[in-house]
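Colleague: After the structure tokens below, expect a handful of questions from me.
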Amino acid sequence: MPNPKPNEEIDVLNLFLKVVLILKANFWLIVVFFIGGFVLGASYFFASKRVYENRMIISSDILTTSFSEVLFENANRHLRDGSYAIIASQFHISEDAASKINSIKIGNISKATGGDLTENERFLITVEVTDQQILPDFQKGILTYLENNDFVKVRVEQKRNHLKQMLATVTQEINDLSEFKSRISSGDFFEKTKGNVNFDPTTVNSKILDLTEKKINYENGLQLSNSVQVIEGFTKFEGASKPKLSVSLVSGSMLGLAFVVALLALKFIRRALRMTNSTK
């Protein structure tokens, strides 16, 4: 059987030569469209609004990953719809400030994953804005948005009531033990029992210390009972995250080349149609 390999090599060589001839014949057209696309990309970069990415870290023992993601997805839908009045109302900022927000994202950065509660969840909030001057008010607005949710408010109130009750109980226990300690020190306790009780007075001091530690923990918990605490607020970065000059130039150049390819394809189709008509 004849070996088809030489014929295949000739076909590939002919195709390559045709491509070279086409590029040579349309060289200046390709250059013009490439430069035009390059200029178009540069114009887009300088004409577009700068978008800045900023991050903050919060801590919460109320929020869950899935719940917080749903909250911010609803806010993003309002942003995409241009419902800036709703955003302004929810985040307690002006409509003008709301119009300068591009997107809001939240992610769990604690070691635990999923929607289960741990002792203290940490979240990374990433926002894209066109004006970084709104960040201080927007940061307060985010905390307000999270804390004013009905689910969160109920959980916070439940937690505060629990801590208050535990604090009152522990305080009463400490007072009772302190009074008991005074009776032991004065000898009143042993006088009334006439020494018929086998009791180590040092255990009272140990119990008071344990309860005092619990009291301090409950007091600290009550002070931090707000649903969200800021670990690190928004930091202003000078460099814009969007658009990127390199991406704009490459995209514009590729767009120009795409127009050239489309134009050459159109010319090839028209030539093929003319050849078909002349053959008929």
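The values are calculated or read from the model by the stated rules, or taken from the named source; none is laboratory data. As the structure is a prediction and not an experimental result, all values here were calculated from the model. Reconstructed Cβ throughout: ideal geometry from the backbone, glycine too, with neighbour counts over all protein chains shown.
Colleague: Counting just the residues of the stretch 44-74 that are of a type in the set (Phe, Trp, Tyr) and surrounded by 14 or more Cβ atoms within 10 Å (Cβ to Cβ), which one comes out farthest from residue 126 (Cα to Cα)? Lay out the reasoning, then the answer.
Modeller: Kept after step one, since they are of a type in the set (Phe, Trp, Tyr), are these residues of the stretch 44-74: 44-46, 52, 67, 72.
This time we only want the ones that are surrounded by 14 or more Cβ atoms within 10 Å (Cβ to Cβ), so: 44-45, 52, 67, 72.
On the way: 44: 25, 45: 23, 52: 10, 67: 17, 72: 11 Å.
Of everything passing the filter in the stretch 44-74, 44 is farthest from residue 126 (Cα to Cα).
Colleague: If I filter the stretch 143-166 for residues that are in contact (Cβ under 8 Å) with a residue 12 or more places away in the chain, more than 18 Å from residue 57 (Cβ to Cβ) and acidic (Asp, Glu), do I get at least one hit?
Modeller: no
Colleague: Output the helices (runs of 4 or more DSSP H) that fall wholly within the stretch 130-197 and possess 1 or more residues being of a type in the set (Val, Ile, Thr) and modelled with pLDDT of 80 or more, or say none.
Modeller: Numbers: elements: 135-147, 150-186, 188-193.
Answer list for the stretch 130-197: 135-147, 150-186.
Colleague: Please give the number of the condition residue 41 fails out of (1) surrounded by fewer than 19 Cβ atoms within 10 Å (Cβ to Cβ); (2) touching a residue at least 24 places away in the same chain (Cβ under 8 Å).
Modeller: The one condition residue 41 does not meet is (1).
Colleague: Across the stretch 75-111, which residue is surrounded by the fewest Cβ atoms within 10 Å (Cβ to Cβ) among those that are in contact with a Gly (Cβ under 6 Å, 6 or more places away or on another chain) and closer than 15 Å to residue 228 by Cβ? Write out each step before concluding.
Modeller: Step one: of the stretch 75-111, the residues in contact with a Gly (Cβ under 6 Å, 6 or more places away or on another chain) are 91-93.
From what's left, closer than 15 Å to residue 228 by Cβ: 91-92.
Working: 91: 23, 92: 15.
Result: 92.
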